[in-house]
1. Looking at segment A:32-49, which of the residues that are within 14 Å of chain B (Cβ to nearest Cβ) and of a type in the set (A, V, I, L, M) is farthest from the chain's Cα centre (by Cα)?
2. Exactly one of (1) modelled with pLDDT under 95; (2) in a strand (DSSP E or B) is unmet by A:Asp108. Its number?
3. If only one of A:Lys104, A:Lys53, A:Lys68, A:Lys114 is out of contact with any His (no Cβ under 9 Å at 6 or more places or on another chain) and on the phi > 0 side of the Ramachandran plot, which one is it?
4. Identify, by number, the condition in (1) more than 20 Å from B:Ala5 (Cα to Cα); (2) in contact with a Leu (Cβ under 9 Å, 6 or more places away or on another chain); (3) at pLDDT 95 or above that A:Asp41 doesn't meet.
5. I'm checking my understanding of the structure. Among residues of segment A:3-21 that are more than 11 Å from A:His58 (Cβ to Cβ) and either more than 14 Å from chain B (Cβ to nearest Cβ) or touching a Lys or Arg at 6+ places or on another chain (Cβ under 8 Å) (or both), which one is surrounded by the fewest Cβ atoms within 10 Å (Cβ to Cβ)?
6. Among residues belonging to segment A:101-115 that are surrounded by 17 or more Cβ atoms within 10 Å (Cβ to Cβ) and away from chain B (no Cβ under 14 Å), point out the one that is farthest from B:Asp13 (Cα to Cα).
7. Among the residues of segment B:16-38, write down those that are within 24 Å of A:Arg86 (Cβ to Cβ) and more than 10 Å from chain A (Cβ to nearest Cβ).
8. May I ask you to say which residue of A:Ile9, A:Ile96, A:Ile64 is touching a residue at least 60 places away in the same chain (Cβ under 8 Å) and closer than 17 Å to B:Leu54 by Cα?
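The values are calculated or read from the model by the stated rules, or taken from the named source; none is laboratory data. Keep in mind the model is a prediction, meaning the values are calculated, not measured. Every residue, glycine among them, receives a Cβ derived from its backbone with ideal geometry; neighbour counts consider all protein chains shown.
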Amino acid sequence: MRHYEIVFIVHPDQSEQVPAMVDKYKKTITESGGSIHREEDWGRRMLAHPIEKIHKAHYILLNIECDKAPLDEIVSSFKFNDAVLRYLIIKRDHAITHQSFLGKEREDELRKEKDDALPSHTKKVVNTKDSVVENSTESNQEPKKEKPSDSNDADEQISEVLSTPEIEE
Amino acid sequence: MSKDATIDYKNLDALRKHTTENGKIIPSRVSGTTNFEQRRISTEIKRARFLSLLPYTDRH
């Protein structure tokens, strides 16, 4: 078993398929006895230079531990999938579970968007919740596995807050 | 010196400090970076370029 870091870029028109693709890859890894240590969705980013005349694309990061066979399977599916514009696979010495720089950037962006989208009277509520979440993630830096669930909770909370004023209006 | 986790192809702000305005890698001769660090920085910049996180030139 080796540790690998995979980044792949998906055509923006196929963005909706991304969760299904990731699930499929995760399934092939776990079924062969491997494990997923980190999973990040950087969303649609502007490309620094066009690839196949495309200027925006969807980025996914996976840190996995698996044998060669499942990795080969994933690589071949990258090659035969026209939606995957590019992929990078790096061997790592150990499992990397902490949030990456781009993952953090993405999270900050999402948080900002949510804040901006909210009407002013609900803004305060979310801000306090956000600060609570921030504190909890900072204190939980040692047990890193808890982090994703924390952010999911925060997302749910925010989406609840988001959905209620819309209904009122 | 131990491996510095901040030198990473995902840490774009750190890598941008080692590129010129037109996207070239700044030589260690100019920046004074140690050979050990410069080798890592250059591979990470090249990874970021491949993933289109950083430009190769300013003429794309």
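1. A:Ala48
2. The single condition A:Asp108 does not satisfy is (2).
3. Working: A:Lys104 fails: on the phi > 0 side of the Ramachandran plot; A:Lys68 fails: on the phi > 0 side of the Ramachandran plot; A:Lys114 fails: on the phi > 0 side of the Ramachandran plot.
So the residue among A:Lys104, A:Lys53, A:Lys68, A:Lys114 that is out of contact with any His (no Cβ under 9 Å at 6 or more places or on another chain) and on the phi > 0 side of the Ramachandran plot is A:Lys53.
4. Looking at each condition in turn, A:Asp41 falls short on (3).
5. A:Ala20
6. A:Lys114
7. Matches in segment B:16-38: B:Arg16, B:His18, B:Thr19, B:Asn22, B:Lys24, B:Ile25.
8. Checking each option against the conditions leaves just A:Ile9.
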